[in-house]
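In what follows, a structure is listed as structure tokens, so that the remarks can point back to it.
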Amino acid sequence: MAKFDVHRNPGRHRDAIPFVVVVQSRRFDVHARRLVAPSMAATPLESGRYPDLAPRFIVDGQRVILDPLQLQTVPRDLLGPGVATLADDADSSRIVAAIDAVLSTSTG
């Protein structure tokens, strides 16, 4: 599994969070856990909130919103099947920018 690969969420909240995106560097592939960002099902209410912080994607025909405020680690063997990648320059740049916005000290 590579950085920006999208996996089905096998967990109990899979209806609200159908996918997770691996966001950690391949440098840490030897570790048993993966840092992931949830990709929540997009709703009309959420579609306009925090456009720079919560990038939108279409994954497996479904509109989702990445939520970098809910980063977490999961055991790699519990990740669901891979369904897509967001590794192209445009998609990965939006993911990195969103995570940077969460971690940045420039605005507070």
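Only the coordinates and a few stated rules stand behind these numbers; no lab work does. Remember, it's a predicted structure, so these values are computed and weren't measured experimentally. Don't worry about glycine lacking a Cβ; one is built from the backbone with ideal geometry, like all the others, and counts go over all protein chains shown.
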Under 5 Å, built H, 5+ apart or other chain: amide partners of A84: V6
Placed amide H near R34: partners under 5 Å, 5+ positions off or other chain: V74, R76
Sum of side-chain charges, V22 neighbourhood, beta-carbon under 14 Å (Lys, Arg +1; Asp, Glu -1): +3
Label point distance in nm, T73-R27, each placed 7 Å from Cα along Cα→Cβ: 1.5 nm
Which labelled figure in [x] 0.92; [y] 0.95; [z] 1.06 is Rg/Rh (Cα atoms, Kirkwood Rh), once derived from the coordinates: [y]
Per-residue HN-Hα couplings for segment 22-28 [Karplus 6.51, -1.76, 1.60; θ = phi - 60°; Hz; x = Gly/Pro]: 6, 10, 8, 5, 5, 3, 9
Cα-centre dipole for segment 5-103 with unit charges at Cβ (Lys and Arg positive, Asp and Glu negative), debye to 20: 300 debye
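Which whole-number percent is the relative contact order of the chain (Cα, under 8 Å, 6+ apart)? Write down the numbers at each step before the final one.
Numbers: 181 pairs, mean separation 33.2, N = 108.
RCO, the chain: 31 percent.
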Table column - 3J(HN,Hα) (Hz), segment 74-80, Karplus curve with 6.51, -1.76, 1.60, x for Gly and Pro: 9, x, 4, 6, 9, 5, x
Residue among S93, V23, P55 farthest towards the positive dipole end of the chain, charges placed on Cβ: V23
